[in-house]
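Everything on this sheet refers to the single structure shown next.
The values are calculated or read from the model by the stated rules, or taken from the named source; none is laboratory data. Bear in mind the structure is a predicted one, so any value in this text is a computation, not a measurement. For neighbour counting, all protein chains shown are included, and Cβ atoms are generated from backbone atoms with ideal geometry for every residue, glycine included.
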Amino acid sequence: MAQAIIGLGNPGPEYRDTRHNVGQRVVDGLARTLHGRFAREGGHLVARVRWRGEVVSLVKPQCFMNVSGPAVARLSPKLGLGPPDVIIVFDDLDLPLGKVRIRMKGSAGGHNGLRSLIEALGTSELRRVKVGIGRPGRPGEGRDHVVDHVLSPFYRNELDLVEAACSEAAQQALKLVESHSSPPL
């Protein structure tokens with residue numbers, strides 16, 4: 001059974017190390033750990049790896065996060081995937097920096113990339129691994145603060161916490177792969 005771990009982010013070197021690209025950072029770490037090499041496929045970067053006998057596609061969409069849904073919807077059938085076979089990894093403003101949370105379904109919670117995926121795939125029952133990037137300032141502060149925050153790189157004193165969170169997020173994503181591929185008892 002094919003599965004994919006999709007790391008949300010924005011394309012291009014200017015976004016690579018930003019908070020908004022933490023999902024792709026997790027997928028990059030998985031590729032290193034599982035010895036995967038990314039190649040262009042359907043306009044995206046895809047690495048096929050094996051995890052405990054399962055083939056897993058690691059995907060970095062090469063479109064802007066907020067419009068990633070249609071691109072992922074076009075790629076999924078080419079990879080033999082339906083919505084239940086997809087794990088989405090992305091940043092979450094409402095989680096403290098470094099916190100990781102798993103959800104099996106739910107709303108987009110204000111995350112435009114996730115909203116795009118839910119609309120394009122036609123379901124909110126998507127497995128997700130959310131990595132906390134913290135919210136700037138106080139809740140309710142202007143949108144400008146949020147945009148600047150998500151598109152900024154992590155501070156040097158945050159990097160150890162971020163790397164630990166990315167490692168935990170990768171482990172959680174692999175646990176989701178295992179639990180999806182286990183035969184029912």
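Hey, among HIS180, HIS149, which residue is within 24 Å of ALA4 (Cβ to Cβ) and at pLDDT 75 or above?
Within the list HIS180, HIS149, the selection yields HIS180.
Using the structure shown, decide if GLY12 is within 26 Å of ASP148 (Cα to Cα), buried (at least 17 other Cβ atoms within 10 Å of the Cβ) and not charged (D, E, K, R).
For GLY12, the condition - within 26 Å of ASP148 (Cα to Cα), buried (at least 17 other Cβ atoms within 10 Å of the Cβ) and not charged (D, E, K, R) - is not met.
Of the conditions (1) free of Cβ contacts under 8 Å to residues at least 24 places away in the same chain; (2) of a type outside the set (Gly, Ala, Ser); (3) in a loop (DSSP other than H, G, I, E, B), TYR15 fails just one. Which one is it?
(1)
I'd like the full set of residues that are surrounded by 20 or more Cβ atoms within 10 Å (Cβ to Cβ), touching a Ser or Thr at 6+ places or on another chain (Cβ under 9 Å) and in contact (Cβ under 8 Å) with a residue 40 or more places away in the chain, limited to the stretch 22-70.
Once the filter is applied, which keeps residues that are surrounded by 20 or more Cβ atoms within 10 Å (Cβ to Cβ), touching a Ser or Thr at 6+ places or on another chain (Cβ under 9 Å) and in contact (Cβ under 8 Å) with a residue 40 or more places away in the chain, the stretch 22-70 yields VAL26, PRO61, MET65, SER68, GLY69.
Would you call ASP85 touching a residue at least 40 places away in the same chain (Cβ under 8 Å), touching a helix residue (DSSP H, G or I) at 6+ places or on another chain (Cβ under 8 Å), among the acidic types (Asp, Glu) and within 17 Å of LEU8 (Cβ to Cβ)?
yes
Residues of the stretch 100-127 being touching a helix residue (DSSP H, G or I) at 6+ places or on another chain (Cβ under 7 Å) and either closer than 24 Å to GLU163 by Cα or of a type in the set (S, T, N, Q) (or both), which ones?
If the condition is that a residue be touching a helix residue (DSSP H, G or I) at 6+ places or on another chain (Cβ under 7 Å) and either closer than 24 Å to GLU163 by Cα or of a type in the set (S, T, N, Q) (or both), then VAL100, ILE102, ASN112, GLY113, SER116, THR123, SER124, ARG127 are the ones that fit.
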